[in-house]
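Written below as structure tokens is the structure these notes are about.
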Amino acid sequence: MVQVNRICCIGAGYVGGPTCSVIAQMCPDVTVTVVDVNEERIRAWNSDNLPIFEPGLQEVVESCRGVNLFFSTDINTAIMDADLVFISVNTPTKTFGIGKGRAADLKYIEACARRIADVASGCKIVVEKSTVPVRAAESIRRIFNANTKSSLNFQVLSNPEFLAEGTAIADLKNPDRVLIGGDETPEGQRAIEALRGIYERWVPKSKIITTNTWSSELSKLAANAFLAQRISSINSISALCEVTGADVEEVAHAIGTDQRIGSRFLKASVGFGGSCFQKDVLNLVYLCEALNLPEVARYWQQVIEINDYQRRRFSSRIIGCLFNTVTDKKIALLGFAFKKNTGDTRESSSIYISRYLMDEGARLHIYDPKVKKEQIIQDLSQPTLAHGDDPSRVSRLVTVSTDPYAACEDAHAIVICTEWDMFKELDYERIYKAMLKPAFIFDGRRILDDLHEQLQHIGFQVETIGKRVSQRSAFATTNDIAKADQLPPPKKTKL
């Protein structure tokens, strides 16, 4: 078996940083170097203020940084010294050209492959860790074959990550499975065994699955598509519950006790976010269209459309309850990350809900315990979300607060978009006294279910996902709120 003594990871983001930090901790005899072209990010990894927030990550990094874990911008040296190279760079959805809005942009993957081919020598195992479309490994292999020197031998593996942000360290230390795909040739199998040997230091053999490369790549897309599908499914039922008087939490519990279905990912909310679900489902849609499977493509496209519908529906409900206008009204938006226990805002539903409310002229006061002000402003100023010819709209309508009570003061409504535990512990009597009346709470994450009676006793009008709580006002009939097309889909600005 090939012995792996040195590992290089290209890409110090949400995948590469935590993954290689745990590998370094679990394999103290292996030298792990994480490299990136972003000097600021590398400086952060070498500081006490890591560039990403993840429970337990700080402790893992501090336990082995400077011992067998290193962060550097010297990419060429790290590649040359390594026995195994992880490619963990971003694969965003294309914003122009063929496949715009659906296909994955592999320019960073290609750049990594060309750089490895240019500077490497000897035998190298190259592992695609980034989420990539099926047969991306073949593209990497073709670049290697076209540029390989006589002294160089490559094996390309697929080793997709299945981390959930907020529990990434726990997921890495105790994974449901580790998936490794590679060639079925003797050389390919030896490369698989070498990578398996790294994971076997702490992962039981029964949890390490080996497949061919293509099955590994498709498994990643399929896994995220299935999870997204479950969220969209329960969100579609939540709309029905609000109209009929059923409670989506009770429905989810009832169907989740069926062992054939299970209870995971049946939490109704304002919609899924994050870097993977939407990107991977759209990638799957594009793949199906490219392979002339239009019926399959339309099936998975509906998962995205339900997610968009849920965001519009929730925003429409806020506007309807506030007497059909939020113009110049202060609204406190609590939570901007796409989920709790992370500072990641990519594809967060908060961005879309903010956009809808800003389109109606609302003044947003946003609070999140882990998302920096600069990130919030950047997300709301993206070209695809910008408002016409008024680039100053965000600065006029958005205030980022450092205190949840300040965000809620003199507000007409509170909108909970992220399920941070701290929002359950707030002093809502204090908040109610400081708000304009009637005071509304829109719980987009169902985290205040146990407080509904108390909140109503205080005086709040409570609205939540998938359940009727407060009596509707004359301005917000059930029929009106069900019409989510009151708000058009986000206008896309051509890039």
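Within the range 282-321, can you find the residues that are buried (at least 22 other Cβ atoms within 10 Å of the Cβ) and without any contact (Cβ under 8 Å) to a residue 60 or more places away in the chain?
Of everything in the range 282-321, just one residue is buried (at least 22 other Cβ atoms within 10 Å of the Cβ) and without any contact (Cβ under 8 Å) to a residue 60 or more places away in the chain, namely ARG311.
Just name the residue that is nearest to VAL285 (Cα to Cα) out of those in the range 198-226 that are open to solvent by less than 20 Å² (accessible area, probe 1.4 Å) and small (Gly, Ala, Ser). Show your work before the answer.
Here is the first cut: in the range 198-226, the residues open to solvent by less than 20 Å² (accessible area, probe 1.4 Å) are 198-199, 203, 208, 213, 216-217, 220-221, 224-225.
So of that shortlist, the ones also small (Gly, Ala, Ser) come out as 216, 225.
Details: SER216: 18, ALA225: 10 Å.
The extreme case among them is ALA225.
Would you mind finding the one in LEU163, LEU152 that is touching a residue at least 12 places away in the same chain (Cβ under 8 Å), open to solvent by 10 Å² or more (accessible area, probe 1.4 Å), closer than 21 Å to VAL281 by Cα and among the hydrophobic types (A, V, I, L, M, F, W, C)? Full working, then the answer.
On the way: LEU152 fails: closer than 21 Å to VAL281 by Cα.
After applying the criteria, what remains is LEU163.
Determine the pairs where a residue that is closer than 16 Å to ASP81 by Cβ and open to solvent by 10 Å² or more (accessible area, probe 1.4 Å), located within the range 5-25, has a partner that is among the hydroxyl-bearing types (Ser, Thr, Tyr) and at pLDDT 95 or above with Cβ atoms under 8 Å apart, the partner being 6 or more residues away or on another chain.
Pairs that qualify, where the first residue is closer than 16 Å to ASP81 by Cβ and open to solvent by 10 Å² or more (accessible area, probe 1.4 Å) and the partner is among the hydroxyl-bearing types (Ser, Thr, Tyr) and at pLDDT 95 or above, are ASN5/THR31; ARG6/THR31; ARG6/THR33.
In the set ALA411, ALA476, ALA407, which member is open to solvent by less than 10 Å² (accessible area, probe 1.4 Å), in a loop (DSSP other than H, G, I, E, B), under 29 Å from GLU347 (Cβ atoms) and modelled with pLDDT of 95 or more?
Working: ALA476 fails: modelled with pLDDT of 95 or more; ALA407 fails: in a loop (DSSP other than H, G, I, E, B).
After ruling out the rest, the residue left standing is ALA411.
State all residues of the range 54-92 that are open to solvent by 70 Å² or more (accessible area, probe 1.4 Å), in a loop (DSSP other than H, G, I, E, B) and touching a residue at least 60 places away in the same chain (Cβ under 8 Å); if no residue qualifies, say none.
Result: ASN90, single match.
Could you look through the range 266-281, keep only residues that are part of a helix (DSSP H, G or I) and open to solvent by less than 20 Å² (accessible area, probe 1.4 Å), and pick out the one that is farthest from LYS220 (Cα to Cα)?
Within the range 266-281, the subset part of a helix (DSSP H, G or I) is 277-281.
From the residues that got through so far, the ones that are open to solvent by less than 20 Å² (accessible area, probe 1.4 Å) too are 280-281.
Values: ASP280: 8, VAL281: 11 Å.
The selected residue is VAL281.
Per-residue answers, yes or no, for (1) in a strand (DSSP E or B); (2) in contact with a helix residue (DSSP H, G or I) (Cβ under 7 Å, 6 or more places away or on another chain); (3) modelled with pLDDT under 95:
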residue: PHE162; (1), (2), (3): no, yes, yes
residue: GLU165; (1), (2), (3): no, no, yes
residue: ALA191; (1), (2), (3): no, no, no
residue: ILE198; (1), (2), (3): no, yes, no
residue: TRP202; (1), (2), (3): no, yes, no
residue: THR210; (1), (2), (3): yes, yes, no
residue: GLU217; (1), (2), (3): no, yes, yes
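Could you list, in sequence order, all residues of the range 438-457 that are farther than 20 Å from SER354 by Cα, in contact (Cβ under 8 Å) with a residue 24 or more places away in the chain and out of contact with any Lys or Arg (no Cβ under 9 Å at 6 or more places or on another chain)?
The answer is GLN454, LEU455.
The values are calculated or read from the model by the stated rules, or taken from the named source; none is laboratory data. This structure is a prediction, so every number in the text was calculated from the model and none was measured. As a convention, Cβ positions derive from the backbone with ideal geometry for all residues, glycine included, and neighbour counts pool all protein chains shown. Surface accessibility is based on the protein's heavy atoms, side chains included, excluding ligands, DNA and RNA. Shrake-Rupley method; radii C 1.70, N 1.55, O 1.52, S 1.80 Å.
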